[in-house]
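First up is the structure itself, then whatever we jot down about it.
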Amino acid sequence: MSNNKNYTNKQFNKDLDKLNKIINNHINNKNNKNNNVKNNKNKNVNNKNNNVNNNVNKKSNKKSNKNDKREYRNFTVCKVNGKNLKNNVGKYRITSITKTGDKSKSGPVNAAHKAAVSLVKKNEETIVKKEIETSLTLLEITRGSSRKMYGPYIIVVNNLTSSEYKKKKEKFKKMMKEFKKKPSNFIPKKYDISVKLSD
């Protein structure tokens, strides 16, 4: 405000009105900002709740598929070449009951094959190239099972002929087309792995 001696009451009231308008505008702007912050927080909370509800619904939909009657058995490798392992290796799952509720044809030998493929992959130098006979014994770890041992199963490495390997590559090419994520630089092995019960 002016310090002029001629400053009249009329000018004073006019300046007072201006000051009141400035104060009111400041208060209104602050209230609007607070309201916007609250609205944004509410939106975020609602979005989070919607996401949680969607996830719960997805999970419940999976569990509510009463038509799927599949059951599984789980196995681990407890011995290699007859020697107990300090720590069991791997977890190999097979289907015991099919989707339709029928008994599956899969058994411990199928779990042994999965274990053999994994073991050969990690020890190719010893098992394949040096042709050292290797056996494995499985322990069933299915919940509620008697934890029975199966085996020993001898790992058999079948070296493929050129014509057999060509057929294997063609088969893999067809399978690769069905993969959503295609493995890069994948070359099939020139051998097949199978297992047989030790005599």
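The values are calculated or read from the model by the stated rules, or taken from the named source; none is laboratory data. Just so it is clear, the model here is predicted, and its values are computed rather than measured. All Cβ positions, glycine included, derive from the backbone under ideal geometry; neighbour counts span all protein chains shown. Note: accessible area is taken over every heavy atom of the protein model, side chains too, but ligands, DNA and RNA are not part of it. Shrake-Rupley method; radii C 1.70, N 1.55, O 1.52, S 1.80 Å.
I'd like to check one number: the per residue accessible area of the stretch 138-182, probe 1.4 Å, reported in Å² as a whole number.
For the stretch 138-182, the per-residue accessible area is 83 Å².
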Handout entry: Simple Cβ-charge dipole of the stretch 70-191, Lys/Arg +1 and Asp/Glu -1, about Cα centre, in debye nearest 20
Key = 580
Problem - List Arg70, Arg93, ordered by accessible area with a 1.4 Å probe, largest first - result: Arg93, Arg70
Problem - Fraction of accessible area attributable to carbon and sulfur, the stretch 101-158 (%, probe 1.4 Å) - result: 48
Handout entry: Length-normalised contact order of the stretch 59-199 in % [C-alpha pairs under 8 Å, at least 6 apart]
Key = 23
